[in-house]
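Student: After the structure tokens below, expect a handful of questions from me.
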Amino acid sequence: MGCAPVQINYKKLWKLLIDKDMSATDLERATGIAPSTFSKMRKNKLVALDVLIRICAVLKCQLSDITEVEEVCAKNLSASVEA
């Protein structure tokens, strides 16, 4: 059974929206990104790079300000060692 080496999460994006007193709906409108794309992001699914760039343009930030890449295999390995 294979293991995905990395997984993306958007926790930083949701925190940044709170800090900027902006809702996901506000960001959807400002970027023109479909609600289904935000649904994917809420589930930490991959989205197209141009989507992330449009978000960064509106929020005036960098990709690293809205995304985080986690090493899933390493995390799973650590959990199995601790068990």
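The values are calculated or read from the model by the stated rules, or taken from the named source; none is laboratory data. Computed from a prediction, not measured in an experiment: that's the story for all the values here. We place every Cβ from the backbone using ideal geometry, glycine too, and count neighbours over all the protein chains shown.
Student: Tally up the residues in segment 10-30 that are free of Cβ contacts under 8 Å to residues at least 12 places away in the same chain, of a type in the set (D, E, K, R) and not in a helix (DSSP H, G or I), please.
Tutor: Qualifying residue count, segment 10-30: 1.
Student: What's the total number of residues in segment 17-49 that are closer than 28 Å to residue 73 by Cβ and either surrounded by 12 or more Cβ atoms within 10 Å (Cβ to Cβ) or not hydrophobic (A, V, I, L, M, F, W, C) (or both)? So that I can check it myself, show each step before the final result.
Tutor: The initial filter retains those residues of segment 17-49 that are closer than 28 Å to residue 73 by Cβ, namely 37-49.
Imposing the further condition that a residue be either surrounded by 12 or more Cβ atoms within 10 Å (Cβ to Cβ) or not hydrophobic (A, V, I, L, M, F, W, C) (or both) reduces the set to 37-45, 47.
So the count comes out to 10.
Student: If I ask for residues that are surrounded by 12 or more Cβ atoms within 10 Å (Cβ to Cβ), modelled with pLDDT of 85 or more and assigned to a loop (DSSP other than H, G, I, E, B), which ones from segment 58-83 would you list?
Tutor: 61, 67, listed by residue number.
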